[in-house]
Amino acid sequence: MKHEDFAAQLDAYVDGELVGNEARDMELHARECATCAHAHERHLALRSAIRERLPALQAPGELRSRVRLAVRAAAGVTPARARPDWRWLAAAAVLVGVAVGTWKISDSRASAHAIAGQVLASHVRALMGTHLTDVASTDQHTVKPWFNGRLDFSPPVYDFAGRGYPLIGGRLDYIGQGAVAALVYGRRQHVIDVLLWPTQRGPTGGPAAVTRQGYHMLHWSAPDYTYWVVSDLGVTELGEFSRLWRQADSTAAR
Amino acid sequence: MEPSQLTRFEAAVLPHLDAAYTLARYLLRDDHDAQDVVQEAYLRALNYFDGFRGTGAAEGRSWLLAIVRNTAYTLRANRRPDAHATEFDETLHSEGGEDEHPETELLRAADRAAVRRALDALPVEFREVIVLRELQDLSYKEIAEVAGIPVGTVMSRLARARRRLERALGTRMKEHD
């Protein structure tokens, strides 16, 4: 092999685009030829300088939310069965002179079935993406204020690290057309999402359990908020987590 | 759009938001523009999604990055119509400099700011192949899809871009001699 051939193939070699004999010839030549070995070394040094000094970037949480919202709005996705409820709610809001900043979800009317599908989709989407959270923090006093100005309610945030369910962070999500708070907790290698939004009207109650595609969900409606908890965790532990949450809620309410 | 179609779309392209942002940020060298381009690209992607035939995650990435890249170029052209007058010329931008001998030790010692400066100083056509190859680990074939150029051109652009970077980072400046 000549120097010129080595130089011409060097980029492809360094980039792992050469296979079999081609790669072997390059390797053999570099062992015998100091000039080419040096060129190879220089290429590797440049490559590690770039890769180590300039890591790929993470999209800001704000952009993540913006993109998700824009895509959903552009797709015009509205659960067919729930649509009349929003119209009705909007009309009611106008009648009583209440300014409604964001669309709300009426649990009493929109079927739990439709919500379960969206809650699960939200959870799976978050797990598939490169991160689960818009705000990553184990500190509830960091996570709670993050939602200020992003939602028209201030969600309760608790930390159960002492009980083996540490807080990981939070993100904005969308159920129906409404922005909701999603809080993320860990349990060993499992992830638990708590999606919550203000309870509109209708009966409070629960918890009720739903299982789909190997994921378990528990949902209940307290006077203030409606909760959906979703994880691949076993139902027993998910039940324990939900009890901790409801206890914390009733303690906070006192 | 059908909810099932939206779910498919979100599964195919939402996981690549970081890659999209990285490419836009380096191409445009401005965070605000990069965020606008990413959002715009996602909306374009949604419109074109019927034409997306891929199944794997990697195909979704190349497909989305090609749209991000085109959206970024459109913004650049609108911002600086004069800059577009000078078409990128493969040979013009590959002048010699063979007499200089970059030093490997200097390349190793280059700090983050210097690497960033050297990359930002490259013409955008060189910058994009470096970002796609080194920061996002795309293969030549994937880079060719994203940038809309033949695989052979990917290789020659990478080689030229690297020679420039080596010269910028591996050559001692006069005042330091």
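Bear in mind that the values in this text are calculations on the coordinates, not laboratory data. From a predicted model like this one, the values you see are computed outputs, not experimental measurements. Here the Cβ is made from the backbone with ideal geometry for all residues, glycine too, and neighbour counts use every protein chain on show.
For segment A:186-235, trypsin sites (Lys or Arg not before Pro) are listed when DSSP marks them as loop and at most 14 other Cβ atoms sit within 10 Å of their Cβ; the list is A:Arg188, A:Arg201.
Within 10 Å of the Cβ of each residue in B:15-28, the mean number of Cβ atoms contributed by other protein chains is 4.
Other residues within the sphere of radius under 10 Å centred on the Cβ of A:Ser65, judged by their own Cβ, net out at +2 (K and R +1, D and E -1). Placing a label point 7 Å from the Cα of B:Asn78 along the Cα-to-Cβ direction, the residues of segment B:15-54 whose backbone N falls under 13 Å from that point are B:33-34, B:36-41, B:44.
With 0.36 nm allotted per residue and the present C-alpha distance subtracted, the B:Ser156-B:Ala109 stretch has 14.3 nm of extension available. Backbone amide hydrogens, once placed in the peptide plane, bring B:Ala110 within less than 5 Å of nothing, excluding anything fewer than 5 places away on its chain. What FRET efficiency comes out for the pair A:His113/B:Asn70, r = Cβ-Cβ distance, R0 = 41 Å, nearest 0.05? The computed FRET efficiency comes out at 0.50.
Taking the helices alone, chain B has a mean residue ellipticity at 222 nm of -20500 deg cm²/dmol, built from -39,500 (n - 2.57) per DSSP H run of at least 4 residues and averaged over all its residues.
Per residue of B:134-143, other chain Cβ atoms within 10 Å of the residue Cβ number 3 on average. Peptide A:56-69 shows a mean partner chain C-beta count of 6 within 10 Å per residue C-beta. Using R0 = 56 Å, the C-beta based FRET efficiency linking A:Ala23 and A:Thr236 works out to 0.55. Note on A:Ala70/A:Gln213: beta-carbon distance plugged into 1/(1 + (r/R0)^6) with R0 of 22 Å gives a FRET efficiency of 0.20. A prolate overall shape is assigned to chain B, the ratio a/c of its alpha-carbon gyration tensor axes (a ≥ b ≥ c) being 1.5 or greater and a/b exceeding b/c. Rounded, prolate or oblate: which fits segment A:121-179 when a ≥ b ≥ c are the square roots of the eigenvalues of the alpha-carbon gyration tensor, with rounded for a/c under 1.5 and prolate only if a/b beats b/c? Since a/c reaches 1.5 but b/c is at least a/b, the shape of segment A:121-179 is classed as oblate.
Placing pseudo-labels 7 Å out from each Cα toward the beta carbon at A:Leu127 and A:Gln189 gives an inter-label distance of 1.2 nm.
Protection proxy ranking of B:128-140, A:150-162, by the mean of other Cβ atoms within 10 Å over each peptide's residues and highest first, is B:128-140, A:150-162.
Within the shell defined by Cβ-Cβ distances under 11 Å, the residues around A:Asp5 carry a net charge of -2, with Lys and Arg each +1 and Asp and Glu each -1. Taking amide H positions as modeled 1.01 Å from N, with prolines and chain starts lacking one, the residues under 5 Å from A:Ile168 and 5 or more places away or on another chain are A:Val184, A:Tyr185, A:Gly186.
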